[in-house]
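So the structure is just underneath, and the comments pick up after that.
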Amino acid sequence: MEIYQVGGAVRDALLGLPVQDRDWVVVGATPEELVAQGFLPVGKDFPVFLHPLTREEHALARTERKTAQGYRGFAVQAQPNVTLQEDLARRDLTINAIAQSAEGRLIDPYGGQADLQARVFRHVTAAFAEDPVRILRLARFAARFPDFSVATETLALMRQMVDAGEVDALVPERVWQELSRGLMQERPSRMFEVLRSCGALARLLPEVDRLWGVPQRAEYHPEIDTGVHLMMVMDMSAQLQAPLGVRFACLMHDLGKGTTPVHLLPRHLGHEERSARLLQGVCQRLRVPVDCKDLADLVAREHGNIHRSAELGPQALLRLLERCDALRKPARFDEIVLACECDARGRLGLAEQPYPQRARLQAALARALSVPTAQIAAQAQQQGLKGEHIGEKVRRARLQALAGFGRDAGADPLP
C-alpha cells in the first residue's frame, strides 16, 4: 500500500500559496485493509476514508467509465491493481494531476508542472469531456488564478461539450455551488469570460449572457457595453471584499437591460423592475439561497434610487429605508448600499471615485433608528391611540429626525 498527496494541495504548494485542505490517494489497498487500520469510511459514490488521526480524506485509487449524460453518469472502479497514473488520468486539469510521495518526490505524468510555469489550464485526457462540472471548475479556477489562460484544445473541447448538451444535464445545486465559489474569488469576471467563451454562459445564465453588446448612455457609462460594465462591477465587488450575497446582487442588478426594446436604447427606463422579475427566474432555476435572492431583489429594484438618494427629501428618504426594510435589518441595508457602491465604481475611469451615498444613508438610518419608538408607543397608548395611529406617530418622529437630510441640488445622479 502506497499513499500520495494529490490535487490542489500539491498545486498550491508549487505555486507558493497556503495549503488549505490536503487530499490523499491510496494505491494497492482494499477498503477492508483501510478499515482495519482505523480509517473511517465516508464515501457514498466511491471509497473515501478519513485518516484516524488527521481526519484528512484518503481515497482509493480509481478509474471511471462514462455510463450516462451528466456529472453523475459514471461507473467507478476502485481496485488494488489501479495504478497512480491511471488515477491521475481521470483528473480534470494537468495542474491538478500532480502527486507527491511521502518522501517529497513529485509524480507528474501529464506535464502539470510545465503548465503551472506557463500559466495554462489544460485538460489531462479526453475524459475531461465526460463530466460537465469540469467546465464550471475550470471557470472558477480562472477567477482564482486570473493570470492563467485556457489551452486552445481545452477550450475547443469545452465548446464540444456545450454543443453536445452536457451542460444542460447539470443539477441546479452543483451549478450554484461552483458559481458561488467562483464569485468569491479574486477576479470573478474571469469566470464569466471563460463560461462565455465556450458557450456555457448562454445555457446556464442566458439572462446574463445577453447583456454583452447592449449599449448604455455614455455620460453615465463610459464603458458603454452593459456586459463590460457588469464585469467591472463584479471585480469591484471582489476589490471591496464584499460577501457572497452582495456579489450575487451585483451579478443580477442589471438583468433588465438585456430586455430593453431596441428602439429605446441606449436608455433603459424601467430596467430595475424587469431585473427583479428576471432574477426571480434565475433564483428558482438555480435554487439560490433565500437570503441571496432577497438581497438581490432589493438591489435590483432600488439601486437607481440609492444612487439618487442625495436628491431625496426626508419623506422620500424614509420611504426608501422602509422599502429596503432597513429599520428592521440595518446590516442587510448596508450590504444593499455596498452593492450599489460596486455598481457606481464599476465604470470606466470611476473605480477610485468616492461614493458619498453610502455614508449619508448610514447616517440617515442611524437617525431614524435613534427615535425612541417604545416611548412614543407608550405615550400614544396613554392617549388612547392604537394600531396605525401609533405607527403614524412613530413615522412622524422619524421624519423629524431626518429633517436635516434635505435635497442636495449639487448631486450627480447615477442611473
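The values are calculated or read from the model by the stated rules, or taken from the named source; none is laboratory data. Please read all numbers here as calculations on a predicted model, not as lab measurements. Quick reminder, even Gly has a Cβ in these numbers, built from the backbone with ideal geometry, and neighbours come from all protein chains shown.
Consider segment 264-314. How many of its residues are within 23 Å of P243 (Cβ to Cβ) and of a type outside the set (A, V, I, L, M, F, W, C)? Before you say what the answer is, go through the steps one by one.
Filtering segment 264-314 for residues within 23 Å of P243 (Cβ to Cβ) gives 272, 275-276, 278-280, 282-307, 309.
Retained after the next criterion (residues that are of a type outside the set (A, V, I, L, M, F, W, C)): 272, 275, 280, 284-285, 287, 289, 291, 293-294, 297, 301-305, 307, 309.
Number of matching residues: 18.
Among the residues in segment 263-281, are any crowded, with 17+ Cβ neighbours inside 10 Å, of a type in the set (A, V, I, L, M, F, W, C), at pLDDT 95 or above and touching a Leu at 6+ places or on another chain (Cβ under 8 Å)? Lay out the reasoning, then the answer.
Within segment 263-281, the first condition is being crowded, with 17+ Cβ neighbours inside 10 Å, and the residues that meet it are 268, 271-272, 274-276, 278-279.
Checking the rest, the ones that are also of a type in the set (A, V, I, L, M, F, W, C) come to 276, 278-279.
Filter again for at pLDDT 95 or above, leaving 276, 278-279.
From the residues that got through so far, the ones that are touching a Leu at 6+ places or on another chain (Cβ under 8 Å) too are 278-279.
Within segment 263-281, one or more residues are crowded, with 17+ Cβ neighbours inside 10 Å, of a type in the set (A, V, I, L, M, F, W, C), at pLDDT 95 or above and touching a Leu at 6+ places or on another chain (Cβ under 8 Å).
Just give me the residues in segment 77-88 being under 27 Å from G165 (Cα atoms) and either modelled with pLDDT under 80 or in a loop (DSSP other than H, G, I, E, B) (or both), in sequence order.
Once the filter is applied, which keeps residues that are under 27 Å from G165 (Cα atoms) and either modelled with pLDDT under 80 or in a loop (DSSP other than H, G, I, E, B) (or both), segment 77-88 yields only Q77.
If a residue has to be out of contact with any helix residue (DSSP H, G or I) (no Cβ under 6 Å at 6 or more places or on another chain), in a strand (DSSP E or B) and either modelled with pLDDT of 80 or more or surrounded by fewer than 16 Cβ atoms within 10 Å (Cβ to Cβ) (or both) to count, how many in segment 39-76 make the cut?
Qualifying residue count for the region: 11.
Quickly run through segment 6-21 and pick out the residues that are buried (at least 19 other Cβ atoms within 10 Å of the Cβ) and either among the charged types (D, E, K, R) or farther than 25 Å from D115 by Cα (or both).
Correct list: R11 only.
Out of segment 165-188, which residues are under 10 Å from the mean Cα position of the chain (by Cα) and either crowded, with 21+ Cβ neighbours inside 10 Å or of a type outside the set (K, R) (or both)? Break it down stepwise before answering.
Initially, segment 165-188 is screened for residues under 10 Å from the mean Cα position of the chain (by Cα), giving 176-185, 188.
Passing the criteria: W176, Q177, E178, L179, S180, G182, L183, M184, Q185, P188.
From the list D343, D325, D334, which residue is within 24 Å of M252 (Cα to Cα), in contact with a Phe, Trp or Tyr (Cβ under 9 Å, 6 or more places away or on another chain), acidic (D, E) and surrounded by 13 or more Cβ atoms within 10 Å (Cβ to Cβ)? Talk me through it step by step, then tell me what you get.
Working: D343 fails: in contact with a Phe, Trp or Tyr (Cβ under 9 Å, 6 or more places away or on another chain); D334 fails: in contact with a Phe, Trp or Tyr (Cβ under 9 Å, 6 or more places away or on another chain).
From the options D343, D325, D334, the qualifying one is D325.
May I ask you to list the residues in segment 89-118 that are at positive phi and either modelled with pLDDT under 95 or assigned to a helix (DSSP H, G or I) (or both)? Quick ask: steps written out before the conclusion?
Initial filter on segment 89-118 (at positive phi): 104, 111.
Of everything in segment 89-118, just one residue is at positive phi and either modelled with pLDDT under 95 or assigned to a helix (DSSP H, G or I) (or both), namely G104.
So Y4 passes all but one of these: (1) in a helix (DSSP H, G or I); (2) over 27 Å from the mean Cα position of the chain (by Cα). Which condition number does it fail?
The single condition Y4 does not satisfy is (1).
Just need a number here: residues in segment 261-277 that are touching a Lys or Arg at 6+ places or on another chain (Cβ under 8 Å), of a type outside the set (G, A, S) and in contact (Cβ under 8 Å) with a residue 24 or more places away in the chain.
Final tally of qualifying residues: 5.
Would segment 347-361 turn up any residue that is more than 28 Å from the chain's Cα centre (by Cα), assigned to a loop (DSSP other than H, G, I, E, B), aromatic (F, W, Y) and surrounded by 17 or more Cβ atoms within 10 Å (Cβ to Cβ)?
No, there is no match, as no residue in segment 347-361 is more than 28 Å from the chain's Cα centre (by Cα), assigned to a loop (DSSP other than H, G, I, E, B), aromatic (F, W, Y) and surrounded by 17 or more Cβ atoms within 10 Å (Cβ to Cβ).
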